[in-house]
1. Need pairs with beta-carbon distance below 6 Å; first residue on the phi > 0 side of the Ramachandran plot and within segment 22-38, second crowded, with 22+ Cβ neighbours inside 10 Å and of a type in the set (D, E, K, R); sequence gap 6+ or separate chains.
2. Can you work out which of the residues in segment 236-245 that are part of a loop (DSSP other than H, G, I, E, B) and under 18 Å from the mean Cα position of the chain (by Cα) is farthest from PHE266 (Cα to Cα)?
3. Can you pull out every residue in segment 135-158 that is more than 23 Å from the chain's Cα centre (by Cα) and part of a strand (DSSP E or B)?
4. Residues of segment 6-32 being of a type in the set (D, E, K, R) and more than 9 Å from the ligand (Cβ to nearest atom), which ones?
5. For segment 165-186, indicate whether the set of residues that are open to solvent by 10 Å² or more (accessible area, probe 1.4 Å), touching an Asp or Glu at 6+ places or on another chain (Cβ under 7 Å) and within 16 Å of the ligand (Cβ to nearest atom) is non-empty.
6. What pairs come out if I take residues in segment 119-135 that are over 19 Å from LEU170 (Cα atoms) and open to solvent by 30 Å² or more (accessible area, probe 1.4 Å) and pair them with residues that are more than 10 Å from the ligand (Cβ to nearest atom) and at pLDDT 95 or above whose C-beta lies under 6 Å away, six or more apart or interchain?
7. What residue, of ALA267, ALA262, ALA248, is in a loop (DSSP other than H, G, I, E, B) and open to solvent by less than 10 Å² (accessible area, probe 1.4 Å)?
Amino acid sequence: GLFNIADNAEDLVSRPPVVTIMGHVDHGKTSLLDAIRNANVVSGEAGGITQHIGAYQVEKNGNKITFIDTPGHAAFTAMRARGAQATDIAILVVAADDSVMPQTIESISHAKAAGVPIIVAINKIDKHDADPQKVRSELLRHEVFVESMGGEVLDVEVSATKGTNLDKLLEAILLQAEILDLKANPDRTAEGVVIEAQLDKGRGPVATVLVQTGTLMPGDILVAGNEWGRVRALVNDRGVQIKEAPPAMPVEVLGLQGTPQAGDRFAVVNNEARAREITEYRQRLAREKAVAKHAGQRGSLEQMMSQL
Ligand code: GDP
């Protein structure tokens, strides 16, 4: 197949964790993503202002962390439905004044189904009616056992709006990453997943991809879902053109011939002929599927009519 060429253990090196933020609506997912991003912009750096490309990286004590910048589990489930597991760690945001809510419970089951470890961010601790202890005991009922309750799930009390304990949260993520011992081989052709993609007026099709193994470089011939292209440029989350994207780095890819879908897997192939062959085959399959679906609908309509 196109994917998962086995790597030798000695070629594997540590890579940054990829983190998704989940939780109930209004519990502060967007605020937390923004607060972490803004707290880690290095002033004076070229292109210091971060761009919203669907994912970003921050650095803590010399270690990088990649955040998927689309809050909620919509993106997470869309990717999983397409067989792409992009997340290593799920941050479960629970507002300390509202505690466990329906989408909190949904998020827990999504993370558990995916086998992704949870870190609990108990948010809004600045509020006068914040009750973090209530959050911990309610989580217990959904089989999320935080450390102070005798479990192994890390939890951190934060305030996204006041910026409280964001460092502690990043430290918890790095600790969890160490336990997971995440590795990848940077010295091979790149593979990964499409985080988001759109047709940009000036730049043509632009896909934000997350490299999961290998190193992506300009000039690479990339197949993503039903689309392919020769990488014309790679742009990082600061809007800066880069020469290579190693494992766990999110980058915008310019040069695709069409727009792939979020959750599509991508891989670099040897030559354009191969890329064309694969994508033409996939596009034909997609068309046949659509025709079959249409015929199926017509068939059942005819059956319905004949029964009248
Ligand atoms: P999301 O729906 O989970 O993305 O939640 P948002 O990030 O949009 O936050 C919902 C509301 O809660 C907004 O009005 C935020 O300003 C507010 N909020 C988020 N985090 C905090 C916090 O730590 N403290 C307080 N007091 N308000 C917060």
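1. Sorted first by the residue in segment 22-38, then by its partner, the pairs are GLY23/LYS29.
2. Checking each candidate, the answer is ARG238.
3. VAL146, GLU157
4. Those that are of a type in the set (D, E, K, R) and more than 9 Å from the ligand (Cβ to nearest atom): ASP7, GLU10, ASP11, ARG15.
5. yes
6. Close Cβ pairs (under 6 Å, with a partner that is more than 10 Å from the ligand (Cβ to nearest atom) and at pLDDT 95 or above) amount to LYS134/SER99.
7. ALA248
The values are calculated or read from the model by the stated rules, or taken from the named source; none is laboratory data. Bear in mind that the values here come from a model prediction, so they are computed numbers and not experimental data. As a convention, Cβ positions derive from the backbone with ideal geometry for all residues, glycine included, and neighbour counts pool all protein chains shown. In case anyone asks, the SASA skips ligands and DNA or RNA and just uses the protein heavy atoms, side chains included. Shrake-Rupley method; radii C 1.70, N 1.55, O 1.52, S 1.80 Å.
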